[in-house]
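The values are calculated or read from the model by the stated rules, or taken from the named source; none is laboratory data. Bear in mind the structure is a predicted one, so any value in this text is a computation, not a measurement. Using ideal geometry, Cβ is built from the backbone for each residue, glycine included, and neighbour counts are taken over all protein chains shown.
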Amino acid sequence: MNLIQSLKWRYASKRMNGQKVPSEKINTILEAIRLAPSSMGLQPYTILVIEDEELKKKIQPIAYNQPQIAECSHLLVFAAWDDITPEHIDTYISHTASVRNMPEEKLADFKATLLNTTEKNSKEQNFNWAARQAYIAFGTGLIAAAAEEVDATPMEGFDSQALDELLHLKEKGLRSVTMMPLGYRDAEKDWLASLPKVRREKDKLFLVK
């Protein structure tokens, strides 16, 4: 399928059939997420890839018993950094210098910009910015899944504090933002599977000036 066909094919699957997604498809989706755009390249988030069936069952009631949690092959939890610290930036600058084979001194101005931008914000402002960056990666993952003909469900319907506690995210400096079950649709049980996609008309969605 081409990109538009893939986007027409995908929908927010409400039921999945438990079939495992091949590792090569999962790896492609994860690599697309890794390559997603991020402001200043910082990627202030972590994605937990959950395959353990017992852990998914523990998460399901936290997600208001939505069946996709237990029925999916893999559950991705997108967790944003709860703050952006100088240590985060030091690590990022060091990694950038290593990947690009340059001295860190050449990145001094860039580092100063990062520090000035994040230090003037409150912790909550930095978290909110990190969460928005996580959503860019999240959207990229949805598109990549569609391209691989893997069903994915964008999911915000869960108790984030309870999930953070279960996954010990606070100790890692993380807060859950959104989840993405990956798997294959159960068309017989999912009333949405056969319905046409509803989107706003182009002339109402786009304003051309």
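Just to verify a result, which residue in the range 56-89, among those that are without any contact (Cβ under 8 Å) to a residue 12 or more places away in the chain and in a helix (DSSP H, G or I), is surrounded by the fewest Cβ atoms within 10 Å (Cβ to Cβ)?
Glu87
In the range 27-54, which residue that is assigned to a loop (DSSP other than H, G, I, E, B) and within 26 Å of Pro67 (Cβ to Cβ) is farthest from the chain's Cα centre (by Cα)?
Asp52
Using the structure shown, decide if Pro103 is surrounded by fewer than 18 Cβ atoms within 10 Å (Cβ to Cβ), touching a Lys or Arg at 6+ places or on another chain (Cβ under 7 Å) and of a type outside the set (Val, Ile, Thr).
no
Would you point out the residue of the range 9-26, among those that are touching a residue at least 12 places away in the same chain (Cβ under 8 Å) and in a helix (DSSP H, G or I), that is surrounded by the most Cβ atoms within 10 Å (Cβ to Cβ)?
Looking at the filtered set, the residue picked out is Ile26.
Scan the range 143-164 for residues that are part of a helix (DSSP H, G or I), within 14 Å of the chain's Cα centre (by Cα) and either hydroxyl-bearing (Ser, Thr, Tyr) or surrounded by fewer than 21 Cβ atoms within 10 Å (Cβ to Cβ) (or both) and jot them down.
Ile143
Matching residues to (1) at pLDDT below 95; (2) under 22 Å from Glu53 (Cα atoms); (3) out of contact with any strand residue (DSSP E or B) (no Cβ under 7 Å at 6 or more places or on another chain):
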{"residue": "Phe127", "(1), (2), (3)": "no, no, no"}
{"residue": "Asp151", "(1), (2), (3)": "no, yes, no"}
{"residue": "Gln161", "(1), (2), (3)": "no, yes, yes"}
{"residue": "Glu165", "(1), (2), (3)": "no, yes, yes"}
{"residue": "Glu171", "(1), (2), (3)": "no, no, yes"}
{"residue": "Thr178", "(1), (2), (3)": "no, yes, no"}
{"residue": "Lys189", "(1), (2), (3)": "no, yes, yes"}
{"residue": "Val198", "(1), (2), (3)": "no, no, yes"}
{"residue": "Leu205", "(1), (2), (3)": "no, no, yes"}
